[in-house]
Amino acid sequence: METNKLIALMPDLAVFIVVVDEGSYTAAAKKLNVTPSALSKQISRLETALSVKLLERTTRKLMISESGKRIYTQCTTMFDAAKKAIEISHSEPIVPAGMITVAAPKAFLSIVLQPLVTPFLTQYPDIQLKLKARDGEIDILKEGIDVVFRLTEKPSEDLVLKQIGKVDLMLCASPDYLALRGMPSTPLDLVDHDCLYLGETSTDNIWEFEQQQTRHRVAVSGRYAVNHSQMRLNGVKDNLGIGIFPDFVIKDALQQGSVIRVLPTWTIRGNYHGDIALQYAPTKFMPARLRAFIDYVAANFNL
């Protein structure tokens with residue numbers, strides 16, 4: 001039987017169970033708050049669909065046929081399974097509990113999210129947290145991810161968006177490097193400098209700059225490329241050149257004076273620039289554990 005036809009029979013099968021359990025159309029109709037004739041029509045419709053006689057009505061009582069008995073047994077199994085499904089839905093804990101899987105870019109995960117992990121798990125002892133370091137596009141449904149953080153100007157339109165901050169790309173270099181090679185005054189000066197870039201794709205060395213109506217697209221070069229922000233920052237501190245970073249990566253180094261910002265009046269376009277987007281799949285019924293995590297991050301996020 002086709003699925004659509006099977007689904008259409010479900011209400012009639014449920015009525016059949018009640019009629020058998022109550023022993024008469026009258027008693028079943030009273031329980032279901034309908035008329036006996038309406039129930040009789042449903043049973044007749046069910047018998048036609050199944051091509052079998054389910055009930056025999058005598059002058060004294062309702063008799064169930066042998067085929068009806070077998071069908072009744074299967075129906076009660078189905079009905080019990082439905083009850084258990086409802087019980088499971090009602091047992092969803094009000095207290096946040098269970099597993100949450102979160103994905104975020106490597107640098108953001110280690111620098112921004114990691115400090116929140118211990119206090120969050122301390123506050124919610126029944127929650128388990130799984131973190132995945134992921135850069136690039138992610139199919140959260142296919143990969144079983146509850147929450148994804150993206151650093152982008154174009155958050156996914158298919159997911160719920162909670163913007164928790166902004167991130168800018170910045171250039172920096174060590175004081176010794178700048179003392180030796182000089183401070184660039186425009187993006188075009190970068191072609192005469194050693195630059196540290198990600199090296200993940202063939203275009204990672206193409207840096208795009210914007211200042212009011214002026215735009216530059218500069219192909220930089222250098223002796224060192226690495227797609228690990230802390231290693232790239234260490235290279236900058238070791239005087240290997242001018243590096244590109246999300247602002248939160250170099251925040252402490254700038255404050256400590258171990259690096260100096262380069263071309264601070266220019267906006268740099270590219271990956272890891274724009275919104276800090278917390279995203280998750282649309283749902284009418286958000287689990288308590290997921291709501292707890294989202295609210296905690298929003299309340300304690302600090303860059």
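The numbers here are math on the coordinates, done by the rules we state, and not lab data. What you see is a predicted model, and the numbers here were worked out from it, not measured in a lab. Cβ: placed from backbone, ideal geometry, glycine included. Neighbour counts: every protein chain shown.
Entry note: region 3-90 has Rg to Rh equal to 0.98, where both radii use alpha-carbon atoms and Rh is the Kirkwood radius.
Enter the Cα centre distance for the pair region 111-167 and region 229-303, rounded to the nearest angstrom. Centre-to-centre distance over Cα atoms comes out at 13 Å.
Only Cα sites of region 139-265 enter the Debye sum here, all with the same form factor; the resulting log10 I(q)/I(0) across q = 0.14, 0.16, 0.22 1/Å is -0.68, -0.85, -1.32, listed in q order.
The calculated FRET efficiency for Lys166 paired with Ile7, based on their beta-carbon distance and R0 = 35 Å, is about 0.15. In the chain, helical runs assigned H by DSSP with n ≥ 4 each contribute -39500 (n - 2.57); averaged across all residues and rounded to the nearest 500, the mean residue ellipticity at 222 nm is -12000 deg cm²/dmol. Normalising the average separation of contacting C-alpha pairs (under 8 angstrom, six or more residues apart) by the number of residues puts the relative contact order of the chain at 21 percent.
Model label points for Ser44 and Thr122, set 7 angstrom from Cα along the Cα-to-Cβ axis, are 7.2 nm apart. When Rg and the Kirkwood Rh are both derived from Cα coordinates, the Rg/Rh ratio for the chain amounts to 1.31. Projecting the Cα atoms of Ile242, Val218, Thr48 onto the charge dipole of the chain, computed from C-beta unit charges around the Cα centre, puts Thr48 farthest toward the positive end. Taking a threshold of 22 Å on the Cα-Cα distance, which of the pairs Lys5/Lys284; Lys130/Lys251; Lys106/Lys154; Lys84/Lys142; Lys166/Lys284; Lys154/Lys237 fall above it? Lys5/Lys284; Lys130/Lys251; Lys84/Lys142; Lys166/Lys284; Lys154/Lys237, as the Cα separations exceed 22 Å there.
Gain on full extension, evaluated as 0.36 nm per residue between Ala27 and Thr77 minus their Cα-Cα distance, stands at 15.8 nm.
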